[in-house]
Every structure is written in structure tokens, then in C-alpha cells.
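The values are calculated or read from the model by the stated rules, or taken from the named source; none is laboratory data. Please read all numbers here as calculations on a predicted model, not as lab measurements. For neighbour counting, all protein chains shown are included, and Cβ atoms are generated from backbone atoms with ideal geometry for every residue, glycine included.
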Amino acid sequence: MYVGRIVAVGRNRQGDLTAAYRVSSRSFPNRSAEKLGSTVQIIAKPGSADAASDSPYIAYECLIWNSRFAVVSNGTHTRPIFERLKAGNDPRDAIVSVLVGLDREFDQHDTPRICGLVDLAENKLWLGSITATSISVMPIEVQHGQLAYITTYELPQPRDEQVDTDFDAADPKTACRHITDRSVFSGFEKPVCAAAWIGSASRLEVATLNSVR
């Protein structure tokens, strides 16, 4: 099944909070996830057909973090949500205000904007999305070893059944591999690249995975 981009938040078997992102693409496969400071950016590979495209949705920050928050998303809403959190907005208000303000992507598919949020200080997780017909922002309750997910196509709204119960990644590189080709994610087509963040009171780690097709 083709589901497009994937956002996931959860807890690994050790209880560490996790945020992960995967690009799946039929139209723009020549992209990679690159870490730059406290962000991960999706960029077009130099010299590729994607780099020559004029689409505003190919390149963007997909993951931003600090010592308290991590925000993961499929587009330009990543940074505004993060800045609202830094300004003191609570997670629900930060997500809602940005999603309503930007709306879905105005491409030929009305691609939903999807996002995830991790709050280390409160030990809480959130998922949010806006489509052409709906908006959903929810706190996410998962057990150790579980990863809740939403996707741009087919599964854009948080639902109880959209939880992978076999998430055993102890580090972000393994989390990238997990969201790319393991467990439930192995059934989702056309992976391109991935990024993952794992955080706890004692550590923050980030990794990317490229050239997975």
C-alpha cells in the first residue's frame, strides 16, 4: 500500500521517547535526509530531476528539537510549530494554530499536513493533521515498545489501530530502519529516506537513513 510520508511518535522498549519520519514518494524519489545542527532537512539530490522541479513541497525541515521538544512533520509547518512551543504555547495550541493557518498543501492531491510532537518535560506525545475536510490534534498514549503513526495518504488521522506494537529500536539509526522496512512499515511502498530522534532525561540522539530504494 502506498501511504506517502509517515510521521510516528512512541516509546521504545526502554521507555525512551521517539519521533520518526519517513519519506515515501512516487513522484520525487531523489531526495535525502540531512542533519544540520538541531534540525533534519529533506533536500533534493543535486543534479537530479527533483532538484530541477519548481514544487515548493520537495525540500523542507522535517525534524527540529531542543532539550525539551522535538517536532516532526512532512513540510514547512515544522519550524512554526517549534517556534510557538519556544514562545510558551502548549502543544495542542501550537499545533492547531499552525495547521489552521497553513491548511493542507495546495497541490493536485490536497496532500494533508501531518506532524508529531514530543514533550520530554511532560513525558507526552502528540499527533496532528489537517486535510481538505478535517483537522485532528490528539495526545497519544502508548506503552513501551509501541509507535503510533499517521500518513499523508490513506491514514492521515490518529487512530487507536494505527499503533505498531513491535517497536524495539534502542537507537535512532535502528528507528530509521524500523520505519523504513520493519513491522507494519514493511507493507508501505516506495521508501526514500528517514530520520529519527530518541530522547530521555540523559540523552538526545538523532540519525538519518538515505538511499533506501
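Among strands (runs of 3 or more DSSP E) entirely within segment 118-213, having at least 3 residues that are under 14 Å from the mean Cα position of the chain (by Cα) and not acidic (Asp, Glu) singles out 124-130, 146-151, 191-199, 204-209. Screening Ile42 with (1) among the hydrophobic types (A, V, I, L, M, F, W, C); (2) within 21 Å of Ser211 (Cβ to Cβ); (3) not in a strand (DSSP E or B) gives one miss only, at (3).
I'd like the residue in segment 4-21 that is of a type outside the set (S, T, N, Q) and over 17 Å from Gly128 (Cβ atoms) and, out of all such residues, is surrounded by the fewest Cβ atoms within 10 Å (Cβ to Cβ). Looking at residues that are of a type outside the set (S, T, N, Q) and over 17 Å from Gly128 (Cβ atoms), I get Gly15.
Are any residues in segment 29-52 closer than 27 Å to Leu127 by Cα, among the hydrophobic types (A, V, I, L, M, F, W, C) and free of Cβ contacts under 8 Å to residues at least 60 places away in the same chain, and if so, which ones? Listed by number, the residues that qualify are Leu36, Ile43, Ala44. Filtered by the rule that a residue be among the β-branched types (Val, Ile, Thr) and closer than 11 Å to Arg11 by Cβ, segment 138-162 gives Ile140, Val142.
Looking across segment 187-213, the residues that are out of contact with any Phe, Trp or Tyr (no Cβ under 8 Å at 6 or more places or on another chain), small (Gly, Ala, Ser) and farther than 19 Å from Arg13 by Cβ come down to Gly187, Ser211. Reported count of residues in segment 25-68, each being exposed (fewer than 14 other Cβ atoms within 10 Å of the Cβ) and in contact with a helix residue (DSSP H, G or I) (Cβ under 7 Å, 6 or more places away or on another chain), is 0. One residue stands out among those in segment 45-66 that are of a type in the set (Gly, Ala, Ser) and at pLDDT below 95: the one that is farthest from Val100 (Cα to Cα), which is Gly47. Criterion applied to Val71, Val118 was being crowded, with 24+ Cβ neighbours inside 10 Å, farther than 20 Å from Asp160 by Cα and of a type outside the set (Ser, Thr, Tyr), and the one residue passing it is Val71.
Only residues that are in a loop (DSSP other than H, G, I, E, B) and surrounded by fewer than 16 Cβ atoms within 10 Å (Cβ to Cβ) were counted in segment 85-102, giving 3. Based on this model, can you work out whether Phe82 counts as buried (at least 18 other Cβ atoms within 10 Å of the Cβ) and touching a helix residue (DSSP H, G or I) at 6+ places or on another chain (Cβ under 6 Å)? Against the criterion (buried (at least 18 other Cβ atoms within 10 Å of the Cβ) and touching a helix residue (DSSP H, G or I) at 6+ places or on another chain (Cβ under 6 Å)), Phe82 does not qualify. Considered as a group, the residues in segment 168-212 that are in contact with a Cys (Cβ under 7 Å, 6 or more places away or on another chain) and at pLDDT 95 or above include one that is farthest from Arg5 (Cα to Cα), and that residue is Ala207.
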